[in-house]
Every structure is written in C-alpha cells, then in structure tokens.
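Structure, as structure tokens:
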Amino acid sequence: MLVVLGLLTSFLSFLYVIAPSIRKFFAGGVCRSNVQLPGKVVVITGANTGIGKETARELARRGARVYIACRDVLKGESAASEIRADTKNSQVLVRKLDLSDTKSIRAFAEGFLAEEKQLHILINNAGVMMCPYSKTADGFETHLGVNHLGHFLLTHLLLERLKESAPSRVVNLSSVVHHAGKIRFHDLQGEKRYSRGFAYCHSKLANVLFTRELARRLQGTGVTTYAVHPGVVSSELIRHSFLLCLLWRIFSPFVKSAREGAQTSLHCALAEGLEPLSGKYFSDCKRTWVSPRARDNETAERLWNVSCELLGIQWE
C-alpha cells in the first residue's frame, strides 16, 4: 500500500511540474473575433457564475447591453457589479429566471419583451448536472426540465424579438457527453429507470437535437443557432457529484478555467461568416463531430413535437 501511495504521489508531483505545458494544450481554442457590440442586446442564462459569467464579461467589454438571467438574483447582482466595474459598461442588468419553473420563464420573457425592443444574442448557458432524482415545478425530470425544456420554452418566447432584430443568434450549451445520450421517449421523465449521469447525457443530446431542428425551422429568417461543447471546465456544475468534485480538485491544473470555457460560446456568438453552419456543433471554436443520434432528423423533429406537447405550446 505504501509503495502504491508513493508511486501515486510521485506521478501527481510530475503532473504538477509539467502542468503549465499541459494546461496550454487543454486550454483549447480562443475566440479571435474583434466584433464590437455597441447597441446590441444579449441575454445569457445562468450568467451569475462560471462560463456564463465570463461570457457576459466579454460581451459587456465589447459594449453590449447584457442581461444576466439567473435564479439567484443576489449572486447575479454581485456578478453584474463586478462586470460593470471591470468593463466600465453600466448596461449589465440582472433579471430573475428559474428554468425549473415555466411560470418564472414566462414572467422573465414578458418582462424582457416589455423592456427591450431588440434581442441580438441569446445564450442558453445555464444547466444542472448529475442531480439526484427530482422534478421541476411542472413535474419534469430535473435535467430534462432545466437543461432542455426550460431553454426550449425561453427560446420560443423570445424568438419573434430575435427575428425582428436579425441578424441574430442563439447559442445552446451542450457537452461532449451527448455521445452517451439517448432520447428515451418511452421514459423521458426517468420514472422507470434513472441514472443521474445518463440523465445529464440525455439532456445534452436534447440540446444538440434542438439546435439542429431549430436551425432547420429558422432558415431564411436571419436567426442562426449553434450548439457548443465548452470543454472540461472548473465550475459549480459538478457540485452534486462528490467523485467529480474530487477528480476536479486533483486534476485542476489540467481543467479549463471559466474564461477558457467561454471561448467557444463567444466564437459562436460573434464570429463572422458562421451563418452557413447554423445548426452545427462546435468545440474549441471550430465545428466538430457529433454522435449519430445527434444527426437523426426524425428524432430531432419528434423531440420538438413532444417538447411542445409537454409545455403546452404551439411552435410552427
């Protein structure tokens, strides 16, 4: 046992010595766009912390009017105050949005539409990961309800404003773990069988399929949409998993920072000439491969229709 512990300690020590070089490798792509955003309006969900916060910071730095849409308004105000001081942009605003409650989503959308006549960028960034089995206020399994259905409804409610403000973009944060996901139409709510790890994977696949079908339906409107894998990022998202928290702590030198994790979201929100790639999936600021299930148009359309039924909306 002592020998094993000694070898493990030596190995970790070696990793930490070479950490700067490894971190540079794992940092991934960087958004190279120089686009400025004076007069542009942005909504980012979950931007009170992590990737969303760094995305909001950069878009505010470029002059946008940024709405931080989050459940915890106090944390949101703290983040907004920090971003305003850092960027010298006073137009960083906080609004209440709880993606686990459709009443909150509708209230946010109603308030935003009354307040703003334009919306140029919507970044569906917020999410939950590996939660113990639970349901949202509307009775949806939490991963499905927050990660997919919440953003599905929000996008639906804001879409006309996006069209009126075209060219505009919708960026949906997904994950490489969508490769392990499957849309289990016979058990969408996980009531027959539930694994919190796979529930997260299923919801991330739903994000990619939503992006694909949304792009198809938005052709010719001037609104484009992109799915994003931010990378393996140090964030609060892993708080429900003791094992992941432990692994992230051990391998923290090799995990992306929130700023690094925000780069692909920024690329898809800002880079010029991406319009022909609407509906595609990006990682490290470039288009990348998706799973066969994520390319299934029939599943994407069926998921769209089922989502509308669950939410009680009509979206042609």
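The values are calculated or read from the model by the stated rules, or taken from the named source; none is laboratory data. A quick note: this is a predicted structure, and the numbers were derived from the prediction, not measured. Here the Cβ is made from the backbone with ideal geometry for all residues, glycine too, and neighbour counts use every protein chain on show. SASA here: full protein model, heavy atoms, side chains in, ligands and nucleic acids out. Shrake-Rupley method; radii C 1.70, N 1.55, O 1.52, S 1.80 Å.
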Discussion item. I'd like the GluC sites (Glu not before Pro) in the range 160-208 restricted to DSSP loop residues with at most 14 other Cβ atoms within 10 Å, sorted by number.
Written reply: Glu191
Discussion item. Can you give me the long-range amide H partners of Gly231? Hydrogens built in the peptide plane at 1.01 Å from N, cutoff under 5 Å, separation of 5 or more residues or another chain.
Written reply: Val176
Discussion item. How large is the accessible surface of Ser257 in square angstrom, using a 1.4 angstrom probe and rounding to the nearest 10?
Written reply: 40 Å²
Worksheet, complete the sentence: Order by accessible surface, 1.4 Å probe, largest leading, for residues Asp98, Asp296 comes to Asp296, Asp98
Discussion item. Suppose all protein chains stay in the model; what accessible area per residue would a 1.4 Å probe give for the range 34-310, in Å²?
Written reply: 42 Å²
Discussion item. Under the 0.36 nm per residue contour assumption, what length would be gained going from the current alpha-carbon distance of Ser90 and Arg106 to full extension?
Written reply: 3.1 nm
Worksheet item: If you count the DSSP beta bridges with both ends in the range 34-310, what percent of them are antiparallel, to the nearest 5?
Response: 10 percent
Discussion item. Are there any GluC sites (Glu not before Pro) in the range 267-305 that are in a DSSP loop and have at most 14 other Cβ atoms within 10 Å? List them by number.
Written reply: Glu272
Worksheet item: Could you give the nm distance between label points at Glu116 and Leu74, where each point is 7 Å from its Cα heading toward the beta carbon?
Response: 2.6 nm
Discussion item. Please list, in order along the range 213-220, the HN-Hα scalar couplings obtained from phi with the Karplus expression 6.51 cos²θ - 1.76 cosθ + 1.60 (θ = phi - 60°), rounded to whole Hz, x for Gly and Pro.
Written reply: 6, 4, 4, 4, 6, 9, 4, x
Worksheet item: So which trypsin sites (Lys or Arg not before Pro) in the range 89-154 end up in coil per DSSP with only 15 or fewer other C-beta atoms within 10 Å?
Response: Lys117
Discussion item. How large a share of the accessible area of the range 34-310, in percent, is made up of carbon and sulfur atoms when the probe is 1.4 Å and the other protein chains stay in place?
Written reply: 52 percent
Worksheet item: Considering only protein heavy atoms, what is the solvent-accessible area of Val255 at a probe of 1.4 Å, reported in Å² to the nearest 10?
Response: 10 Å²
Worksheet entry | Share of pairwise Cα separations in the range 94-185, more than 18 Å, in percent | 49 percent
Practice prompt. Would you mind checking which residues have amide H under 5 Å from Val94's amide H? H placed 1.01 Å from N; only 5 or more apart, or other chain.
Written response: Ile68
Fill in: Rg to Rh, two decimals, where the range 34-310 supplies the alpha carbon set and Rh follows Kirkwood
0.93
